[in-house]
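The values are calculated or read from the model by the stated rules, or taken from the named source; none is laboratory data. All values derive from a computational prediction rather than experimental measurement. Here the Cβ is made from the backbone with ideal geometry for all residues, glycine too, and neighbour counts use every protein chain on show.
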Amino acid sequence: MTNFTRRTVLQGGTAFAAASALTGPALLEWAKAWAQAAPWKPEKGAKINLMRWRRFVEAEDAAFVKMVNAFKQATGVDVVVTNESFEDIQPKASVVANTGQGLDMVWGLYSLPHLFPAKCMDLTDVANYLGKKYGGWTQSAELYGKSGNKWIGIPVATTGGLINYRIAAMEKAGFKEFPKDTAGFLELTKALKKNNTPAGFALGHASGDANTWLHWALWAHGGNLVDKNDKVVINSPETVKALEFVKALYDNFIPGTASWNDASNNKAFLAGELYLTLNGISIYVAAQKEAKAIAEDMNHAYMPVGPIGRPTELHLAFPILTFNFTKAPQACKALTAFMLEADNFNPWVSAAQGYLSHFLLAYDNNPVWTADSKRTVYRDVAKRTLTPAGLGSLGEKAAAAIADFIVVDMFANYATGREDAKGAIAVAERQTRRIYR
Amino acid sequence: MVDATIPTRRAVLAAESSAWDRLKSNRHWLGYWFMLPALLILFLFLAYPLGLGIWLSFTDAKIGRAGEFIGLENYEWLQGDSIFWTSIFNTLLYTIVASFIKFGAGLYLALLLNQHLPFKALIRSAILIPFIVPTVLSAIAFWWIYDTQFSIISWSLKKLGLIAINIDFLGDPNNARASTIFANIWRGVPFVAITLLAGLQTVSPSLYEAATLDGATRWQMFRHITYPLLTPIIAVVMTFSVLFTFTDFQLIWAMTRGGPVNATHLMATLSYQRAIIAGQLGEGAAIATAMIPFLLTAIMISWFGLQRRKWQQGENND
């Protein structure tokens, strides 16, 4: 992690103060000035086709569109934005990479640039420019963004999956603050069950929630799918410990978590039936609108630390990439840098209300994180996240393993009693071997 | 000399042009020309994708990257893959149970609707509603009906004091199988019922009149008149029903995504998960190709059935 000096803090802070004033014509003025001074001069008549993931928070999308429009007016570059659902981004981007036409930029998720590193434009100058200006990148940003010494994608933001809990229920269960280790976490879950205020974490094919918390559980106990040389090492005593831990939790969950998808826990929590789960900030945002009592009684916490002794969280990163066959490389670089300038990024992240967190350290000062103390933990997710590859290399294989729910199914098989530990691990091991062959 | 060469050259020219001309105007060939557009369409939209799918199953293709020929490797791997075998079991269970019930319920409904009822036309159109509603919409409705926390069924039973805790419809493997099969039946019955009803209406009333005069019971009339005359329609309708059920995707994907712990993964959903979501095109294509023998068997049974006059016109009529 990069040093955090007083200067970078001040930069982030003042930039935000300036940004909050920028609306309408002021934003355009600033954008024009920025375009004059920026190191990248867009090609004449440049046109950018950009695909992004479909938004979850409406205000975030509105801020994004406003930003793109300011860029269009200031630079004369035509930007066409298309939105695709999470699941469609990866296949479409892969086809574009293979055929060499259709899109210039993709704002995708997880390890997207690593699926076709040879087709990604070198963005090292953009990364260095931004890193220097905004307090440096987190370690996870380098893992997500770099292939070798080259930046092939710029991690724009991440969305955190952290503990969501009801304060009163936790206190009634005998905890003054949320437990910081896995042992305490298990105790709390048991006590919640006893009080009939149960916890619940998805064990179904929920690509976001289930993958996030079950990878956390695996890593927290020192288990891994592959080691740093991509050798399959899932068959280990640590994995067995993780399995037993999750089974103990599952036995104390609200019934039905084996069928949960990404929306199930949101619904149950907002209906007041679920008292502890893993989620992004979306439950809280919805509760503030629809269920004020729940919003007041809930809070967020980091994922507890396991026997391994350090945070092992997994959060969903959103990297942006430019294909190297684009006809407008300068315009694409300019847009990438433009998005992450404080005057754009700060209001944008504020609009997302905690749904998007930053990889550039200076943005820790965005008041969105402190204006409401319940959002604060989401500020740090980029500093605490690992990548979906765990210890291994980020790329196609890691992406396939997570998409095929190997870890999720292993835990679900054991927790629901369909397989013993050996059988559950054997299935996962065989599948992983195949993908990493 | 001169006279001799000219005619031969002419003859050669005539022979060359006439081969093509003959092909163009020959009546025997004319039929093939008319079939050509249909053949092209069939090839472009059916044969080519099918062939490509089978070819992909012999490669290690990934999304966005052409693969290399790896022979039977994908199939060998699947042979030892417990999830693949679970999906075959699920697909067969799903198809067989759902088809039997759909046939029974469909036939029953068709017989009922064939009676003289008040508001006959209205009831007949209302029956079709489950079939008309887009599958994804009905799947989402069922997903709510089966929700572990908010199920209307659990809620009602709880209010009635019949159960104490919610039924875990989609979280328990066997419940999940039953629930998805029920949703499929609900959706599939109207198709069977309406088609069989159409068949029933082609049965001439004079046969029933004659049978009544002979003193036949209702059961005898069904057994020896209705059923034999309905068999060709039954063969067609059940072939389609089995094919639709075997290749079902939307219901499962919208409700369970193959969960819990792969208990409801059908071959179609597993193929999609592996090929499109996880990007392993070759392996996904192999799973899809593995569906072909099952589908062919289903088609063959009804095809040979349709060839037999016994099936077509009832027994003792060879």
*Enumeration of residues in segment A:327-342 that are buried (at least 22 other Cβ atoms within 10 Å of the Cβ) and either farther than 15 Å from A:TRP40 by Cα or among the acidic types (Asp, Glu) (or both)*: A:ALA342
*If you go through segment B:148-176, how many residues are of a type outside the set (A, V, I, L, M, F, W, C), more than 8 Å from every other protein chain (Cβ to nearest Cβ) and closer than 22 Å to A:PHE201 by Cα?*
4
*under 24 Å from A:SER111 (Cα atoms), at pLDDT 95 or above, among the β-branched types (Val, Ile, Thr) and not assigned by TED's automatic domain parsing to the domain that holds A:SER207 - does that describe any residue in segment A:349-359?*
no
*asked:* Take the residues in segment B:277-298 that are within 14 Å of another protein chain (Cβ to nearest Cβ) and within 22 Å of the chain's Cα centre (by Cα); name whichever of them is nearest to A:ALA398 (Cα to Cα).
replied: B:GLY284
*Evaluate the following for B:LEU170: is it assigned by TED's automatic domain parsing to the domain that holds B:VAL203 and in contact with a helix residue (DSSP H, G or I) (Cβ under 7 Å, 6 or more places away or on another chain)?*
yes
*Please find, within segment A:147-205, the residue that is modelled with the lowest pLDDT out of those that are touching a Gly at 6+ places or on another chain (Cβ under 6 Å) and within 14 Å of chain B (Cβ to nearest Cβ).*
A:HIS205
*Among A:ILE254, A:ILE283, A:ILE234, A:ILE294, which is away from every other protein chain (no Cβ under 14 Å), in contact (Cβ under 8 Å) with a residue 12 or more places away in the chain and more than 27 Å from A:ASP380 (Cα to Cα)?*
A:ILE234
*Out of the residues in segment B:206-237 that are hydrophobic (A, V, I, L, M, F, W, C) and touching a helix residue (DSSP H, G or I) at 6+ places or on another chain (Cβ under 6 Å), which is nearest to B:GLY305 (Cα to Cα)?*
B:ALA235
*Quick check: is even one residue across segment B:258-271 assigned to a loop (DSSP other than H, G, I, E, B), more than 14 Å from every other protein chain (Cβ to nearest Cβ) and either modelled with pLDDT of 90 or more or out of contact with any Lys or Arg (no Cβ under 8 Å at 6 or more places or on another chain) (or both)?*
no
*Just one of A:VAL81, A:VAL57 is of a type outside the set (S, T, N, Q), touching a helix residue (DSSP H, G or I) at 6+ places or on another chain (Cβ under 9 Å) and at pLDDT below 90; which is it?*
A:VAL57
*Six or more apart or on different chains, Cβ under 8 Å: which pairs go from a residue in segment B:76-88 that's hydroxyl-bearing (Ser, Thr, Tyr) to one that's assigned to a helix (DSSP H, G or I)? Could you list them?*
B:SER82/A:VAL427; B:SER87/B:MET267; B:SER87/B:THR269; B:SER87/B:LEU270; B:SER87/B:ILE287
*What's the number of the condition A:LYS119 fails, among (1) within 14 Å of chain B (Cβ to nearest Cβ); (2) farther than 19 Å from A:GLY145 by Cβ; (3) among the charged types (D, E, K, R)?*
(2)
*So A:LEU321, is it under 28 Å from A:SER147 (Cα atoms), within 14 Å of another protein chain (Cβ to nearest Cβ) and crowded, with 19+ Cβ neighbours inside 10 Å*: yes
*What helices (runs of 4 or more DSSP H) completely inside segment A:356-428 contain at least 3 residues that are within 11 Å of chain B (Cβ to nearest Cβ) and touching a Gly at 6+ places or on another chain (Cβ under 9 Å)?*
A:396-403, A:406-415
_Filter pass, A:LEU130 being closer than 30 Å to A:LEU335 by Cβ, modelled with pLDDT of 95 or more and either in a helix (DSSP H, G or I) or away from chain B (no Cβ under 14 Å) (or both)_ = yes
*asked:* Looking only at segment A:97-106, count every residue that is buried (at least 24 other Cβ atoms within 10 Å of the Cβ) and not aliphatic (A, V, I, L, M) and tell me the total.
replied: 1
*Counting only residues that are assigned to a helix (DSSP H, G or I) and of a type in the set (Val, Ile, Thr), how many does segment B:129-181 have?*
10
*So B:LEU128, is it in contact (Cβ under 8 Å) with a residue 60 or more places away in the chain and over 23 Å from B:PHE222 (Cβ atoms)*: yes
*Of the numbered conditions (1) in contact with a Pro (Cβ under 9 Å, 6 or more places away or on another chain); (2) buried (at least 24 other Cβ atoms within 10 Å of the Cβ), A:VAL381 satisfies every one except a single condition; which is it?*
(1)
_Single residue of segment A:236-278 satisfying the filter (charged (D, E, K, R) and farther than 19 Å from A:ASN413 by Cβ) that is nearest to the chain's Cα centre (by Cα)_ = A:ASP262
*Return the only residue of A:SER94, A:SER85 being within 19 Å of A:ARG54 (Cβ to Cβ), among the small types (Gly, Ala, Ser) and surrounded by fewer than 18 Cβ atoms within 10 Å (Cβ to Cβ).*
A:SER85
*asked:* If I ask for residues that are assigned to a loop (DSSP other than H, G, I, E, B) and either within 25 Å of A:TRP107 (Cα to Cα) or touching a helix residue (DSSP H, G or I) at 6+ places or on another chain (Cβ under 8 Å) (or both), which ones from segment A:280-316 would you list?
replied: A:GLY280, A:ILE281, A:ALA291, A:TYR302, A:MET303, A:PRO304, A:GLY306, A:PRO307, A:ILE308, A:PRO311, A:THR312, A:HIS315
*asked:* B:PHE119 - would you say it is under 30 Å from B:ASN166 (Cβ atoms), in the same structural domain as B:THR269 (by TED's automatic domain parsing) and not β-branched (Val, Ile, Thr)?
replied: no
